[in-house]
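Report on one structure; see the data block that follows.
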Amino acid sequence: MTALTADRVPENYINADYRFRSWLFSTDHKRIAILYLISLTFYFFVGGFFALLMRLELVTPQGDLVQPETYNKLFTMHGIMMLFFFLVPSIPAVFGNFLLPLMLGAKDVAFPKLNLASWYIFNLGGLLTLVSIVLGGVDTGWTFYPPYSSLSSTSYVLLAAGGIFVMGFSSILTGLNFIVTTHKLRAPGLTWRRLPLFVWSLYATSIIQVLATPAVTIGLGLIGIERIWKVGFFNPAMGGDPILFQHLFWFYSHPAVYVMILPGMGVESELLTTHARRRPYGYAFIAGSSLAIAVLGFLVWGHHMFVSGQSVYASMVFSFLSFFVAIPSGVKVFSWLGTLYKGAIAFTTPMLYGLGFIGLFTIGGLTGLFLATLAVDVHVHDTYFVVAHFHYIMVGGMVMAYLGAMHHWWPKMTGRLYPEGWGRLSALIVFVGFNLTFFPQYVMGYLGMTRRYHAYAPEFQVYHVLSSAGASILGVGYLLPLFYLIWSLKYGPKAGGDPWGGTTLEWKTPSPPPTHNFEEPPVVTEDPYSFPSLEEGR
Amino acid sequence: MRSSAPALAEQFDSFEHQRESSVLGMWVFLGAEMIFFGGAILGFVEFRHAYVADFNAASNHTKIVLGTVNTAVLLTSSLFMALAVHAAQEGKNRRLLGFLAATMLLGTAFLAVKFAEYYLEVVEGLVPGPRFRMDGADSRHAQLFFVCYFTMTGVHALHLIIGIALLGFLGLRTLGGKVTPQNHNVVEVGGLYWHFVDIVWIFLFPLLYLLGRHAGHG
Amino acid sequence: MDEPKASVRIYVAIYVALMALVALTTGLAYLDLAPWSATVAMVIAGAKAVLVILYFMHVRYGTRLTWVFAGAGFYFLGILFFLTLNDVLTRSWLSPFLGGTP
């Protein structure tokens, strides 16, 4: 860039102030989103590291890489890091924070200082958990079931549970912020029916975050009390009930999986509409199904407890209710397919991730129905079938949505274009690696391979070898974006305000957006997604 | 440029807009708190159902006079809190401060009585653990009652302490001139939190002190 | 100013009602109302809570949005209670030989 004739770079949220402390004390939602991005990337790779060790151990049937107790810690820490410190915050904390005010035509979220506090609270929780790892880890499983966790385990349960306890507040406060922002800060003319589908999904997610998280907060709090004072709610010797913990835990953790997937579904709607240049098929159905998933998701938690000692009658009720929650997800899948039909599909990186999402989420979702079926679940509970099911949704679905969102909004957030060729290559590597890792797990789970075991019968080895090979490919697929995205920050071509031809409000700002988002509050007069619809044709 | 008058945050169009948003935000938070306390109460309900006789017997060892007094104290504090918000709405800041102080005082009185009860319970050997002693009921289940009792009232007391600190903070803001009739969100929002803590006690009191009282001491 | 508020008079009247309910509930606790004693106590507590919510917390004068969010917490709490008790209270159902609740 020549100094003499350089264009004046307009003020944007990045160059407004380069001092370190201006980032750490910023209440600008876009900067907070970037802060979350950095934290989350770190936690993701920590969780991934534990997965790597697990998959290495599982290449051979004998337990020859790590001690059994160590393996217990590995799967526990993998679960805790990935679920609480990556998946739950991921899209809302990064893309929700960055985009919600922009999509609403607002200057910021309703409570910007609270937003910054959420990030600090989040990392305080992360720090407590990391300390527990460094000191030797937790071995209870991410599920912390008593009485083992409250009375017997000698690992650092209090620290890890404390980390999650603290992190929960961050989740609740972010959800609170988004709910109030969506109700109160919409631009003139932006009615609920004109909201981008991503906003609908964030709203539904936020409701769950606020109302479900406190259950795990009190559950872990009670575990803590029992650990410290040796008396508590869950000790059978005193007449307590360990299954009560499971009720409190899963009252959160089942809706939590919808916290994880709903934003991904919202992203999916944005990716497919923009990159196929198509109005969403069934906007009202997609929006309504987000709310339906949020509400129905609260009714089904006992399907995690079919073999725990829960009453058979309650298990039947939960099994019955669990079938219903699949319906709105099915509605979404059909709507996405309808959106793609006769669309001008551009095979950009975001679209590739979006296409992968539909297929893999559908497979994962269908296997969820098998698990909801009480009689089937009794046989496959605690096998790799369950592990494969949730990884198909969480990794095949959610992480792909996260990466799709990353590529779709990268130009907006950074003002740079990433190298498209590398993007597409990585998406393909992720897709291949993912399926090789997790499809064999369905088969071996069905054949009886138990989860959370570091040693296993030799007949399962071939599946484990395939799975571990896939995991190494998947790892490459995840590392590549880390490199080329960072590379693009300096060497990528500059992006304009709307490189994809998107129609929602965030594309009407420069890339990167200025600190105050809009010069004047936009006035919205039409529906979003002003692409041709199926009836209008091309 | 710092002025002592409260500022309108830039994401809001008007003070009324800001007020509505703050109130909505606090209600959302209270929804979360309901689930939090609800989880502990759920445990109590489950165990009482399973061990009715033992729980009734144990419940008779709670201090009903002190508990009833405390209930009255907390409800009175809620009255003063409502009057504090009212004073803020009318711009009567001296009165506001007075009512805030009264609320905080009553809250502190509640805590004092609560800790007196705890002291008595320690002395009487009602703390679950190796030193627990109570005649006439299954010791395990009686201990479970007191696990519930100490947990539920302890978490409540913690929230009350936070509430008193919050009101102190409100008082400071008022003294700093940051509370006006147009912008007294913090008082209103603080009031909502205080009333919520009161409502939790409204439910804890009968559950822990009153059920089984008619049976008398076991 | 379009803000929910009540008069001092109303606040004091509600307070008197609350005090009366405290006296009532404590008094009734000494009567043997089985099997209704728990229900009676909870109904009175519920009445007190409703008074605090409607008047002290201004919900009576508030927007519909406030009502919805105030109610949402209760609704989901109800689900937590209902479906958990659905398990706890039926543990002994299909097999009387496996013993009752813990």
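What 222 nm value per residue comes from the helices of chain A, counting each DSSP H run with n ≥ 4 as -39,500 (n - 2.57) and dividing by all residues, nearest 500 deg cm²/dmol?
Computed mean residue ellipticity for chain A: -21500 deg cm²/dmol.
Once the other residues with Cβ under 15 Å from the Cβ of A:Phe165 are scored (Lys, Arg +1; Asp, Glu -1), what is the net sum?
The answer is -1.
Using the basic label-point model (7 angstrom from Cα toward the beta carbon), what is the C:Thr39 to A:Phe49 distance in nanometres?
6.0
Rg (Å, one decimal) plus Dmax (Å, integer) for the alpha carbons of the range A:89-145?
15.9, 47
Grab the DSSP H runs of chain B that are 4 residues or longer, score each as -39,500 (n - 2.57), total them, divide by all residues and round the 222 nm result to the nearest 500 deg cm²/dmol. It would help to have the intermediate numbers written out before the result.
On the way: 6 runs with 159 residues, N = 218.
The per-residue figure over chain B is -26000 deg cm²/dmol.
Put +1 on the Cβ of each Lys and Arg and -1 on the Cβ of each Asp and Glu in the range A:1-83; which of A:Phe50, A:Thr76, A:Ile38 then has its Cα farthest toward the positive end of the dipole?
Final value for the positive-end residue is A:Ile38.
Between A:Leu489 and A:Val9, what is the spin-label point distance in nm, taking each point 7 Å from the Cα along the Cα→C-beta axis?
It works out to 1.2 nm between the two label points.
Please give the calculated 222 nm ellipticity per residue for chain C, where each DSSP H segment of at least 4 residues contributes -39500 (n - 2.57) and the sum is spread over every residue; nearest 500 deg cm²/dmol? Write out the running numbers ahead of the final one.
Working: 3 runs with 62 residues, N = 102.
That comes out to -21000 deg cm²/dmol.
If R0 is 41 Å, what FRET efficiency do you get for C:Phe81 and A:Thr70 from their C-beta distance, rounded to 0.05? Walk me through the numbers on the way to the answer.
Working: r = 40 Å, r/R0 = 0.98.
Efficiency at R0 = 41 Å is approximately 0.55.
Just to verify a number: FRET efficiency for B:Phe132 and A:Thr60, C-beta to C-beta distance, R0 = 51 Å, to 0.05? Walk me through the numbers before you get to the answer.
Working: r = 51 Å, r/R0 = 1.00.
The formula returns an efficiency of 0.50 here.
Let me check I've understood the local charge: for A:Tyr13, count other residues with C-beta under 9 angstrom from its C-beta, Lys and Arg +1, Asp and Glu -1. What total comes out? Numbers along the way, then the final one.
Numbers: positive: A:Lys30, A:Arg31; negative: A:Glu11, A:Asp28.
Residues near A:Tyr13 contribute 0 overall.
Under 12 Å from the Cβ of A:Gly136, count the other residues' Cβ atoms, weight Lys and Arg +1, Asp and Glu -1, and hand me the total.
Numbers: positive: A:Lys73; negative: A:Glu69, A:Asp139.
Around A:Gly136, the surrounding residues sum to -1.
Suppose the chain between C:Leu89 and C:Ser7 were pulled fully straight at 0.36 nm per residue; how much longer would it get relative to their current alpha carbon spacing? Intermediate values should be presented prior to the final figure.
Values: separation 82, 0.36 × 82 = 29.52 nm, distance 4.61 nm.
Once the chain is fully extended between C:Leu89 and C:Ser7, it gains 24.9 nm.
Please report Rg over Rh for the protein assembly as shown, where both radii come from the alpha carbon positions and Rh follows the Kirkwood definition.
Numbers: Rg = 28.0 Å, Rh = 28.7 Å.
Reported Rg/Rh, Kirkwood definition of Rh: 0.98.
Would you list A:Glu268, B:Glu117, B:Glu188 from fewest to most Cβ contacts within 10 Å? Working shown, then result.
On the way: A:Glu268 32, B:Glu117 18, B:Glu188 22.
Fewest-to-most Cβ neighbours within 10 Å comes out as B:Glu117, B:Glu188, A:Glu268.
Provide the gained length on full extension for the span A:Thr143 to A:Thr450, in nm with one decimal, where the gain is 0.36 nm per separating residue minus the Cα-Cα distance.
On the way: separation 307, 0.36 × 307 = 110.52 nm, distance 1.65 nm.
Extending this stretch completely gives an extra 108.9 nm.
Name the residue farthest towards the positive end of the dipole of chain B from the options B:Thr153, B:His141, B:Phe169, assuming +1 on Cβ of Lys and Arg, -1 on Cβ of Asp and Glu, about the Cα centre.
Farthest along the dipole direction, towards plus: B:Phe169.
Taking the dipole about the Cα centre of the protein assembly as shown, with the C-beta of Lys and Arg at +1 and of Asp and Glu at -1, give me whichever of C:Gly27, A:Leu271, A:Phe25 is farthest to the positive side.
Looking along the dipole axis, the top candidate is A:Phe25.
Using r as the Cβ-Cβ distance of A:Ser308 and A:Lys342, and R0 as 56 Å, what FRET efficiency do you calculate, to the nearest 0.05? Write down the numbers at each step before the final one.
Details: r = 48 Å, r/R0 = 0.86.
E between A:Ser308 and A:Lys342, to the nearest 0.05, is 0.70.
Placing +1 at every Lys and Arg Cβ and -1 at every Asp and Glu Cβ, with all other atoms neutral, what dipole size does the range A:374-516 have around its Cα centre, in debye to the nearest 20? Each step should come with its number before you reach the end.
Working: 8 positive and 6 negative charges, 107 e Å.
Computed charge dipole of the range A:374-516: roughly 520 debye.
With +1 assigned to the C-beta of every Lys and Arg and -1 to the C-beta of every Asp and Glu, and no other charges, what is the dipole magnitude of chain B about the Cα centre in debye, to the nearest 20?
On the way: 14 positive and 15 negative charges, 111 e Å.
The calculation lands at about 540 debye.
Enter the mean number of other protein chain beta carbons within 10 Å of the beta carbon of each residue in B:15-25, as an integer.
Details: counts 1, 3, 3, 2, 3, 9, 7, 4, 10, 11, 12.
The per-residue average across the peptide is 6.
Which value, in debye to the nearest 20, describes the size of the charge dipole of chain A about its Cα centre when Lys and Arg Cβ atoms bear +1, Asp and Glu Cβ atoms bear -1, and nothing else is charged? List each step's numbers first, then the result.
Details: 29 positive and 25 negative charges, 164 e Å.
The calculated dipole for chain A is roughly 780 debye.
The numbers here are math on the coordinates, done by the rules we state, and not lab data. Bear in mind that the values here come from a model prediction, so they are computed numbers and not experimental data. Glycine also receives a Cβ, built like all others from the backbone with ideal geometry; neighbour counts cover every protein chain displayed.
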